[in-house]
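Read the structure below first, then the notes.
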Amino acid sequence: MATGHTDPQRRDRILAATLDLIAEVGVAGVSHRKIAARAQVPLGSMTYHFTGIDDVLLEAFSRYSDHVVALFERHLSAATTPDEAREAVTDLIHTLSENARRDLILTQELYTLAARHEPYRGLCRRWMRRSRDLLEHHFPPPTARQLDALIEGLTLHRALDDAPPGRDLTREAVRRITAAPEP
């Protein structure tokens, strides 16, 4: 194994290994020893780089939330009209739900931690705020909040359904939420 001096990516490997392990065995099955073995680093690297398991988990989940926000940004950045933004949201939902197993598990594990522990709730709040900020480039704040919830819900439902509904249903749901209110 390389020493820290010749292994500048050690911290990144530890965080990647943490997310991989969570996806495989859940947060309850993760330990310093298992992470170090997966990352192929000495066990002492865990306490050198992190103050404890919560520090590792929070940083790993922060990186995961950055990944999801980057997906939002990739999908929404090219939209210049409301119709393009609606289609981008539809595409985002399908991208998130079709590449689902690992991301679904990571998201649900984070939400479970957030339900029990404030630091993870704070991380989820920041993640939701960043997602809504991107949606607010195209939709009013109340609509962006509704869309954010729709994205979460439809992604989960599509990922768990044996026969997930197609794009037409997603497109219609997005259209209904984003339609201008009737006078």
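The values are calculated or read from the model by the stated rules, or taken from the named source; none is laboratory data. Note that the coordinates shown come from a computational prediction; the quantities given were computed from them, not determined experimentally. Note that we place each Cβ from the backbone using ideal geometry, even for glycine, and neighbour counts take in every protein chain shown. Quick note on the areas: whole protein, heavy atoms, side chains included, nothing else; ligands and nucleic acids left out. Shrake-Rupley method; radii C 1.70, N 1.55, O 1.52, S 1.80 Å.
Count of the stretch 157-176 residues, restricted to those that are open to solvent by less than 70 Å² (accessible area, probe 1.4 Å) and closer than 20 Å to residue 73 by Cα, is 2.
So that you can scan it fast, the table gives a plain yes or no per residue for (1) open to solvent by less than 80 Å² (accessible area, probe 1.4 Å); (2) within 21 Å of residue 23 (Cβ to Cβ):
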| site | (1), (2) |
| --- | --- |
| 47 | no, no |
| 71 | yes, yes |
| 76 | yes, no |
| 106 | yes, yes |
| 109 | yes, yes |
| 113 | yes, yes |
| 117 | no, yes |
| 122 | yes, no |
| 130 | no, no |
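For beta carbons closer than 7 Å, sequence separation of 6+ or different chains, a first residue in the stretch 154-183 that is part of a helix (DSSP H, G or I) and a second that is among the polar types (S, T, N, Q) and modelled with pLDDT of 90 or more, the qualifying pairs are 154/170; 167/90; 170/90; 171/90; 174/90; 177/143; 177/146; 178/143.
Kindly evaluate residue 62 against the criterion of being touching a Pro at 6+ places or on another chain (Cβ under 9 Å) and either free of Cβ contacts under 8 Å to residues at least 60 places away in the same chain or outside any loop (DSSP other than H, G, I, E, B) (or both). Answer is no for this residue. Just one of (1) touching a residue at least 24 places away in the same chain (Cβ under 8 Å); (2) part of a loop (DSSP other than H, G, I, E, B); (3) under 27 Å from residue 19 (Cα atoms) fails for residue 139. It is (3). Does residue 9 satisfy the condition of being modelled with pLDDT under 95, open to solvent by 70 Å² or more (accessible area, probe 1.4 Å) and on the phi > 0 side of the Ramachandran plot? Criteria not met by residue 9.
If the condition is being within 19 Å of residue 63 (Cβ to Cβ) and either touching a Pro at 6+ places or on another chain (Cβ under 9 Å) or at pLDDT below 95 (or both), then the stretch 113-151 contributes only 113. Looking only at residues in the stretch 34-44 that are open to solvent by 50 Å² or more (accessible area, probe 1.4 Å) and free of Cβ contacts under 8 Å to residues at least 12 places away in the same chain, the one that is farthest from residue 110 (Cα to Cα) is 43.
Is it fair to say residue 86 is part of a helix (DSSP H, G or I) and open to solvent by 60 Å² or more (accessible area, probe 1.4 Å)? The answer is no for residue 86.
In the set (1) outside any helix (DSSP H, G or I); (2) under 13 Å from residue 106 (Cα atoms), the condition left unmet by residue 23 is number (1). If you check every pair at least six apart or on different chains, which have Cβ atoms under 8 Å apart with a residue in the stretch 72-89 that is under 19 Å from residue 168 (Cβ atoms) first and a residue that is small (Gly, Ala, Ser) second? Note: pairs meeting the criteria are 75/88; 84/78; 85/79; 87/79; 88/78; 88/79.
Scanning the stretch 32-69 for residues that are at pLDDT 95 or above and hydroxyl-bearing (Ser, Thr, Tyr), we see that the one that is nearest to residue 135 (Cα to Cα) is 65.
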